[in-house]
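Q: Structure below; questions to follow.
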Amino acid sequence: MVEALFMGSAVCAVDGEGGVFLPTFVRTVLALRPEAAILLGSHETDLCLVAYDPAQAGELQLECRRRRLAEEVSRPDACHARARRIFGLLQAVAIDADGRSILPELLRRRARIGDTALIVGTGGAFEVWSPQVALYGQDFGLRALAALSLDLPQAA
(Lines give C-alpha, C1' and ligand atoms only; values in the text may rest on other atoms or scores of the structure.)
Protein backbone atom coordinates (compact mmCIF):
# COMPACT_ATOMS: atom_id res chain seq x y z
CA MET A 1 0.00 0.00 0.00
CA VAL A 2 1.33 3.44 -0.95
CA GLU A 3 1.25 6.00 1.84
CA ALA A 4 -0.47 9.30 1.07
CA LEU A 5 2.21 11.89 0.42
CA PHE A 6 2.30 15.67 0.78
CA MET A 7 2.31 16.88 -2.83
CA GLY A 8 1.67 20.44 -3.94
CA SER A 9 2.31 23.98 -2.82
CA ALA A 10 0.30 27.00 -1.69
CA VAL A 11 0.72 30.47 -0.26
CA CYS A 12 -1.28 30.88 2.95
CA ALA A 13 -2.03 33.89 5.13
CA VAL A 14 -0.57 33.88 8.65
CA ASP A 15 -2.44 35.91 11.28
CA GLY A 16 -0.90 37.82 14.18
CA GLU A 17 -1.06 34.75 16.47
CA GLY A 18 0.75 32.61 13.91
CA GLY A 19 -2.48 30.94 12.84
CA VAL A 20 -2.53 29.46 9.37
CA PHE A 21 -5.19 27.47 7.55
CA LEU A 22 -3.29 24.59 6.02
CA PRO A 23 -3.88 24.07 2.29
CA THR A 24 -6.08 21.28 0.97
CA PHE A 25 -3.13 19.10 -0.14
CA VAL A 26 -1.94 19.02 3.50
CA ARG A 27 -5.39 18.60 5.12
CA THR A 28 -6.27 15.72 2.79
CA VAL A 29 -3.22 13.72 3.89
CA LEU A 30 -3.62 14.61 7.56
CA ALA A 31 -7.27 13.49 7.48
CA LEU A 32 -6.01 9.95 6.80
CA ARG A 33 -3.84 9.98 9.93
CA PRO A 34 -5.03 9.13 13.46
CA GLU A 35 -3.80 12.35 15.11
CA ALA A 36 -4.94 15.89 14.34
CA ALA A 37 -1.41 17.17 14.93
CA ILE A 38 1.96 17.57 13.28
CA LEU A 39 5.53 17.71 14.49
CA LEU A 40 6.87 21.08 13.43
CA GLY A 41 10.50 22.04 13.67
CA SER A 42 13.39 23.83 12.09
CA HIS A 43 14.69 22.33 8.86
CA GLU A 44 18.08 20.67 9.27
CA THR A 45 19.81 22.76 6.59
CA ASP A 46 17.39 25.32 5.10
CA LEU A 47 15.91 28.47 6.61
CA CYS A 48 12.39 27.07 6.78
CA LEU A 49 10.21 24.88 8.96
CA VAL A 50 9.48 21.24 8.32
CA ALA A 51 6.37 19.34 9.42
CA TYR A 52 6.11 15.61 9.97
CA ASP A 53 3.46 13.13 10.98
CA PRO A 54 3.97 12.48 14.74
CA ALA A 55 4.50 8.80 13.92
CA GLN A 56 7.74 9.78 12.14
CA ALA A 57 9.55 10.79 15.35
CA GLY A 58 10.98 7.29 15.72
CA GLU A 59 12.12 7.29 12.10
CA LEU A 60 13.88 10.62 12.63
CA GLN A 61 15.73 9.14 15.61
CA LEU A 62 16.71 6.05 13.62
CA GLU A 63 18.01 8.23 10.78
CA CYS A 64 20.09 10.26 13.28
CA ARG A 65 21.54 7.05 14.68
CA ARG A 66 22.29 5.66 11.19
CA ARG A 67 24.09 8.85 10.21
CA ARG A 68 25.98 8.93 13.53
CA LEU A 69 27.33 5.44 12.88
CA ALA A 70 28.28 6.33 9.31
CA GLU A 71 30.16 9.47 10.43
CA GLU A 72 31.55 8.13 13.71
CA VAL A 73 35.19 8.20 12.65
CA SER A 74 35.28 11.16 10.25
CA ARG A 75 32.96 13.56 12.12
CA PRO A 76 32.38 12.35 15.70
CA ASP A 77 30.62 15.54 16.90
CA ALA A 78 28.31 15.89 13.89
CA CYS A 79 25.63 13.64 15.38
CA HIS A 80 25.13 15.89 18.41
CA ALA A 81 24.73 19.02 16.32
CA ARG A 82 22.33 17.21 13.98
CA ALA A 83 20.21 15.91 16.87
CA ARG A 84 19.97 19.42 18.33
CA ARG A 85 18.95 20.87 14.94
CA ILE A 86 16.30 18.21 14.39
CA PHE A 87 14.89 17.71 17.89
CA GLY A 88 15.82 20.92 19.72
CA LEU A 89 13.04 22.98 18.16
CA LEU A 90 10.61 20.17 17.29
CA GLN A 91 7.13 20.76 18.71
CA ALA A 92 3.81 18.94 18.55
CA VAL A 93 1.33 21.37 16.99
CA ALA A 94 -2.42 20.77 17.03
CA ILE A 95 -4.65 21.19 13.99
CA ASP A 96 -8.28 22.11 14.59
CA ALA A 97 -11.30 20.73 12.73
CA ASP A 98 -11.11 23.58 10.18
CA GLY A 99 -7.48 22.81 9.33
CA ARG A 100 -6.05 25.76 11.28
CA SER A 101 -2.76 25.41 13.08
CA ILE A 102 -0.65 27.82 15.11
CA LEU A 103 2.97 28.22 14.04
CA PRO A 104 4.85 28.80 17.32
CA GLU A 105 6.47 32.24 17.57
CA LEU A 106 10.02 30.95 18.09
CA LEU A 107 9.78 28.81 14.95
CA ARG A 108 8.20 31.65 12.94
CA ARG A 109 11.04 33.96 13.96
CA ARG A 110 13.65 31.30 13.15
CA ALA A 111 12.23 30.87 9.63
CA ARG A 112 11.47 34.61 9.18
CA ILE A 113 7.79 33.89 8.49
CA GLY A 114 5.63 37.02 8.57
CA ASP A 115 2.05 37.38 7.35
CA THR A 116 2.32 34.78 4.58
CA ALA A 117 3.77 31.30 4.32
CA LEU A 118 4.69 29.23 1.30
CA ILE A 119 3.85 25.61 2.08
CA VAL A 120 5.62 23.04 -0.09
CA GLY A 121 5.00 19.30 -0.08
CA THR A 122 8.11 17.10 0.03
CA GLY A 123 6.56 13.64 0.10
CA GLY A 124 6.59 12.36 3.67
CA ALA A 125 6.75 15.89 5.08
CA PHE A 126 6.01 19.46 4.10
CA GLU A 127 8.02 22.65 4.44
CA VAL A 128 6.82 26.07 5.59
CA TRP A 129 8.78 28.95 4.07
CA SER A 130 8.74 32.70 4.21
CA PRO A 131 7.97 33.43 0.55
CA GLN A 132 10.62 36.17 0.58
CA VAL A 133 13.28 33.80 1.94
CA ALA A 134 12.33 31.22 -0.71
CA LEU A 135 12.35 33.89 -3.42
CA TYR A 136 15.98 34.81 -2.72
CA GLY A 137 17.34 31.40 -1.75
CA GLN A 138 19.86 29.23 -3.56
CA ASP A 139 17.40 26.61 -4.90
CA PHE A 140 16.39 27.76 -8.39
CA GLY A 141 13.26 25.60 -8.45
CA LEU A 142 12.10 26.94 -5.09
CA ARG A 143 12.81 30.52 -6.19
CA ALA A 144 10.70 29.98 -9.31
CA LEU A 145 7.91 28.38 -7.24
CA ALA A 146 7.93 31.34 -4.83
CA ALA A 147 7.81 33.84 -7.70
CA LEU A 148 4.95 31.97 -9.37
CA SER A 149 3.08 31.61 -6.08
CA LEU A 150 3.44 35.32 -5.40
CA ASP A 151 2.57 36.11 -9.05
CA LEU A 152 5.81 37.98 -9.61
CA PRO A 153 7.34 38.61 -13.04
CA GLN A 154 10.69 37.06 -11.98
CA ALA A 155 9.13 33.65 -12.61
CA ALA A 156 9.38 34.10 -16.39
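The values are calculated or read from the model by the stated rules, or taken from the named source; none is laboratory data. Here the structure is a predicted model, which is why all the values come from computation and not from measurement. Here the Cβ is made from the backbone with ideal geometry for all residues, glycine too, and neighbour counts use every protein chain on show.
Q: Against the definition (over 22 Å from Glu35 (Cβ atoms), surrounded by 15 or more Cβ atoms within 10 Å (Cβ to Cβ) and at pLDDT 90 or above), how does Pro131 come out, yes or no?
A: Numbers: over 22 Å from Glu35 (Cβ atoms): yes; surrounded by 15 or more Cβ atoms within 10 Å (Cβ to Cβ): yes; at pLDDT 90 or above: yes.
Yes.
Q: Of Gln138, Gln132, which residue is more than 17 Å from Thr24 (Cα to Cα), among the polar types (S, T, N, Q) and without any contact (Cβ under 8 Å) to a residue 12 or more places away in the chain? Write out each step before concluding.
A: Working: Gln132 fails: without any contact (Cβ under 8 Å) to a residue 12 or more places away in the chain.
Only one candidate passes the filter, namely Gln138.
Q: Does Ala92 satisfy the condition of being assigned to a strand (DSSP E or B), at pLDDT below 95, surrounded by fewer than 16 Cβ atoms within 10 Å (Cβ to Cβ) and not aromatic (Phe, Trp, Tyr)? Working first, answer last.
A: Details: assigned to a strand (DSSP E or B): yes; at pLDDT below 95: yes; surrounded by fewer than 16 Cβ atoms within 10 Å (Cβ to Cβ): yes; not aromatic (Phe, Trp, Tyr): yes.
In short, yes.
Q: Do any strands (runs of 3 or more DSSP E) entirely within segment 98-156 hold 3 or more residues that are not small (Gly, Ala, Ser), and if so, which?
A: Working: elements: 100-102, 116-121, 125-129.
Answer list for segment 98-156: 116-121, 125-129.
Q: In segment 103-131, what residues are farther than 21 Å from Glu44 by Cβ and among the polar types (S, T, N, Q)?
A: Thr116
Q: When you go through (1) at pLDDT 70 or above; (2) out of contact with any Ser or Thr (no Cβ under 9 Å at 6 or more places or on another chain) one by one for Leu47, which number turns out not to apply?
A: Against the list (1) at pLDDT 70 or above; (2) out of contact with any Ser or Thr (no Cβ under 9 Å at 6 or more places or on another chain), Leu47 comes up short only on (2).
Q: Among the basic types (Lys, Arg), in a loop (DSSP other than H, G, I, E, B), over 13 Å from Gly41 (Cα atoms) and at pLDDT 95 or above - does that describe any residue in segment 75-84?
A: We begin by selecting, within segment 75-84, every residue among the basic types (Lys, Arg); these are 75, 82, 84.
So of that shortlist, the ones also in a loop (DSSP other than H, G, I, E, B) come out as 75.
Then keep just the ones that are over 13 Å from Gly41 (Cα atoms); that gives 75.
Those still in the list that are at pLDDT 95 or above too: none.
Checked segment 75-84: no residue is among the basic types (Lys, Arg), in a loop (DSSP other than H, G, I, E, B), over 13 Å from Gly41 (Cα atoms) and at pLDDT 95 or above.
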